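**Student:** Supplied in structure tokens, the structure appears directly below.
Each value in this text was obtained by applying a stated rule to the coordinates, not by laboratory testing. It should be emphasised that the depicted structure is a prediction, and the values quoted were computed from it without experimental measurement. Here the Cβ positions follow ideal geometry from the backbone for every residue, glycine too, while neighbour counts run over all protein chains shown.
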DNA sequence: TGACAAACGATAATGGTTATCGTTTAATAA
DNA sequence: TTATTAAACGATAACCATTATCGTTTGTCA
């Protein structure tokens, strides 16, 4: 991977932003230093950074809305391969224990634990138990 | 809110699916019972259900990719109003303690705690400290 | 039953993201 | 250093998820 000027500036833009920016946010900031940059270049390089592990996405579930009818508090087990979501009852996880202050004035509504990993079928164990298919390619390297 | 036949079938489709379906998934399933239903109707009613609290969305961050450069394990404080994301160091939360089995064959990669609520500015406390603006309307009733 | 608002289906428009394509730039070897 | 070649760039079209619009149908209620 060639470390071009565009890449440096894009990467620094994410580093400097303490706010988990969107590609669009990055684009706007980078244009301050490279006015001719294309939004496509930002997307391409963000994808490259994700693939090589230089950056991470905050949520595995951008791309499409996922719904739930279970309104009781509970947690989620998420497969980073197929994006499958399994529920975990609230009692299956010991209460989360905060050891520091939150941002000033923040009012907690709820606490949700996400256990992220690979499900059996994505690890190649057992039959290919098809989940609901969703989401764009995410795990494929070019 | 009138409880039309379409609404009943859509809601049951989400209830029956143990898999956190997308609107598209729901559309496909509902078409089995109401072949003439429109995808737009599914979206409209899903939105209605979200607004009235009958359904919930799994992630507050579908819609647009959010990036992070902090590759050390950490947790997130998320404002459900403006979708702002604050980081919490791993040491700020006591280790998550699992009290049950996960789905057979699931390999844990990491555990992430999400503390969801309203930030100071979304509660109307303090100056309107603008965060990076992102995401479509989500909190607004029609 | 009639009147009116709400919901529906069809479809156009929007917004985020990816793909394409011709040109420019970077890496490598001569 | 220059020539070669693949990778990266910018511009733009295409794509997919979602929302908006609009004319018609269906519920609700007087």
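**Student:** Note the distances from residue A:5 to each other copy's matching label point, with points 7 Å along the Cα-to-beta-carbon direction, in nm, sorted shortest first.
**Tutor:** Label point to label point, same position, other copies: 6.5 nm.
**Student:** For the pair residue B:56 and residue A:125, how long in nm is the line joining their label points, each one 7 Å along Cα→Cβ?
**Tutor:** So the two model labels end up 2.8 nm from each other.
**Student:** Count, for each residue of B:46-57, the Cβ atoms from other chains sitting within 10 Å of its Cβ, then give me the mean as a whole number.
**Tutor:** The mean count of partner-chain Cβ atoms within 10 Å per residue comes to 2.
**Student:** Calculate the mean, over all residues of peptide B:67-76, of how many other protein chain Cβ atoms lie within 10 angstrom of the residue's Cβ.
**Tutor:** 6
**Student:** At residue A:125, label 7 Å along Cα→Cβ: distances to the other copies, nm, ascending?
**Tutor:** Spelled out, the distances from residue A:125's label point are 4.5 nm.
**Student:** Can you grab the distance from the C-alpha centre of region A:2-47 to the C-alpha centre of region B:36-62, Å, no decimals?
**Tutor:** 33 Å
**Student:** I've got another one for you. Set the Förster radius R0 to 45 Å, insert the Cβ-Cβ distance between residue A:38 and residue A:100 as r into 1/(1 + (r/R0)^6), and round the FRET efficiency to 0.05.
**Tutor:** 0.65
**Student:** Could you check the spin-label model distance between residue B:107 and residue B:28? Points 7 Å from the Cα along Cα→Cβ, value in nm.
**Tutor:** 2.7 nm
**Student:** Rounded to the nearest 500 deg cm²/dmol, what is the calculated helix-only ellipticity per residue at 222 nm for chain B, with -39500 (n - 2.57) per DSSP H run of length n ≥ 4?
**Tutor:** -7500 deg cm²/dmol, from helical runs alone.
**Student:** If you take every DSSP beta bridge fully contained in chain B, what fraction is antiparallel? Give it as a percent rounded to 5.
**Tutor:** Details: 5 of 9 bridges.
Rounded to the nearest five, the antiparallel share is 55 percent.
**Student:** Could you check what % of the DSSP bridge pairs in the protein assembly as shown are antiparallel, to the nearest 5?
**Tutor:** Roughly 75 percent of the DSSP beta bridges within the protein assembly as shown come out antiparallel.
**Student:** If you put a point 7 Å past Cα along the Cβ direction, how far is that point for residue B:31 from the same point in each other copy, in nm, smallest first?
**Tutor:** Residue B:31 label point versus its equivalents elsewhere: 3.9 nm.
**Student:** When a/c is below 1.5 the answer is rounded, else prolate if a/b is larger than b/c, else oblate, so apply that to chain B with a ≥ b ≥ c taken from the square roots of the Cα gyration tensor eigenvalues.
**Tutor:** Oblate, because a/c is 1.5 or more while a/b does not exceed b/c.
**Student:** Related question: Fewest Cβ neighbours within 10 Å first, please rank A:125, B:115, B:37 accordingly.
**Tutor:** By the 10 Å Cβ count, ascending, the order reads A:125, B:37, B:115.
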